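Heads up, the thing below is written out as structure tokens.
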Amino acid sequence: MELVAGCYEQVLFGFAARPAESWTVVPVFTHHAHSASLSAVAVNNRYVVTGSRDETIQIYDMKKKIEHGALLQHNGTITCLEFYGTAHLLSGAEDGLICIWNTKRWECLKSIKAHKGHVTSLSIHPSGKLALSVGTDKTLRTWNLVEGRSAFIKNLKQNAHIIKWSPDGERYVTVITNKVDIYKLDTASITGTITTEKRISSLRFITDSILAIAGDDEIIRFYSCDSQKCLCEFKAHENRIKDIYSFEREGQHVIVTASSDGYIKMWNLDLNKIKDVPSLLCEVNTKARLTCLAVWLDQASEMKENSDKAATLSQANEDEKSSIVRKNKVRRTDKSDKTAKKKREITPEKQKLEAPLQKKKKKQNSSS
């Protein structure tokens, strides 16, 4: 597996994480991915995609370790990226658009004007049929991904900046500043609220009912969605935590955290002893101001994840969804054919990802 993280300094980092008697993290590549700071990162079984303030989405083929191209559909900072399985990617940006991408040909199947303001966050239901989004127009919107249209709009009292489905799809949460509202899917009503002292910057479902929450301080807290009580809290970093990621491997629950202090850390969480502080597995100092984080899992782990998803969907529904989405391919509007075509194409050049910083420094020293 590889840890991938973006930062304010426009660099994408890649670190190989290897489980052994003690976990080790080895630098694999660094890449000057964008002309502005990175704002979002997402992974599937083959690709890593990054979004930036430079209004582009960059694609990296992790198996071939090359830069695959760029997506240029949005005008404005890319705020959120999320894959569904191996075939689709959803992107949201400050231009208010949500774009649905086919990851086989990397073409935009549908471009939806989702919010009057910025799209701040989106989340795809585990079934792949629905998505939720929030924006700076104080709305929470439900999207029918089968038909590519709006299904429901809920007005919020304030702008939410994070939205997330639970793994089982039975509930979802929104984050407004330092408050987490927990909704039940069948009633679309709030069943509980969690409030923290500091603004929340990242949130992750560890299980269907346990949330990991981090914010503008150095502490990670685990909360029960049912009781809204804090189950455990611990100091993870020396500065604010920017992102949390989690995955399960061979029965072991691993939490990965990235902070403005430059460190990426991996933690072992024992769900049977949730009140105990997780143990630190390993850490690496990137010496950069990190902004976003993801974990690219190897094929074996990904196959398990995909088989779990496949169990929730029948093949008939998959066929129906893909046929309808194909009919809803984005139409060219008031822009010229050339401009519209250029926006949907990826850049042709494929560049190899750079070796780690240490190797670059050796070359510089030898040349001087």
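The values are calculated or read from the model by the stated rules, or taken from the named source; none is laboratory data. Everything numeric in this text was worked out from a predicted model, so none of it was measured. Quick reminder, even Gly has a Cβ in these numbers, built from the backbone with ideal geometry, and neighbours come from all protein chains shown.
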Going through the stretch 101-127 in order, the residues found to be over 25 Å from Tyr183 (Cα atoms) and either aliphatic (A, V, I, L, M) or assigned to a strand (DSSP E or B) (or both) are Trp101, Asn102, Glu107, Cys108, Leu109, Lys110, Ser111
Of all residues in the stretch 138-147 being surrounded by fewer than 20 Cβ atoms within 10 Å (Cβ to Cβ) and in contact (Cβ under 8 Å) with a residue 40 or more places away in the chain, the one that is nearest to the chain's Cα centre (by Cα): Val146
Scan the stretch 172-181 residue by residue and report those that are surrounded by fewer than 22 Cβ atoms within 10 Å (Cβ to Cβ) and not polar (S, T, N, Q). Ile176, Lys179, Asp181
Exactly one condition in (1) in a strand (DSSP E or B); (2) farther than 13 Å from Ala288 by Cα is not met by Phe13; state its number. (2)
Which of the residues that make up the stretch 16-43 are at pLDDT 90 or above, assigned to a loop (DSSP other than H, G, I, E, B) and surrounded by 23 or more Cβ atoms within 10 Å (Cβ to Cβ)? His34
Failed item in (1) crowded, with 23+ Cβ neighbours inside 10 Å; (2) of a type in the set (Val, Ile, Thr); (3) in contact with a Cys (Cβ under 9 Å, 6 or more places away or on another chain), with Ile78 passing the rest: (3)
Do you know which residues across the stretch 151-160 are farther than 19 Å from Lys184 by Cα and touching a residue at least 24 places away in the same chain (Cβ under 8 Å)? Asn159
Counting only strands (runs of 3 or more DSSP E) entirely within the stretch 157-220, those with at least 2 residues that are over 25 Å from Trp267 (Cα atoms) are 171-176, 179-184, 189-195
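Let me confirm something: among Arg171, Arg221, which residue is touching a Phe, Trp or Tyr at 6+ places or on another chain (Cβ under 7 Å) and modelled with pLDDT of 95 or more?
Selected residue: Arg171, the only one of Arg171, Arg221 that is touching a Phe, Trp or Tyr at 6+ places or on another chain (Cβ under 7 Å) and modelled with pLDDT of 95 or more.
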Are any residues in the stretch 210-226 closer than 17 Å to Thr174 by Cα and free of Cβ contacts under 8 Å to residues at least 24 places away in the same chain, and if so, which ones? Ser224
Quick check on the stretch 44-69: of everything there that is among the small types (Gly, Ala, Ser) and under 27 Å from Ser260 (Cβ atoms), which residue is surrounded by the most Cβ atoms within 10 Å (Cβ to Cβ)? Gly51
Reported set for the stretch 266-293 where residues are within 20 Å of Ser37 (Cα to Cα) and part of a strand (DSSP E or B) is Asn285, Leu290, Thr291, Cys292, Leu293
Test of understanding: among Ile264, Ile255, Ile244, which residue is under 23 Å from Leu132 (Cβ atoms), at pLDDT 95 or above, among the β-branched types (Val, Ile, Thr) and touching a Ser or Thr at 6+ places or on another chain (Cβ under 9 Å)? Ile244
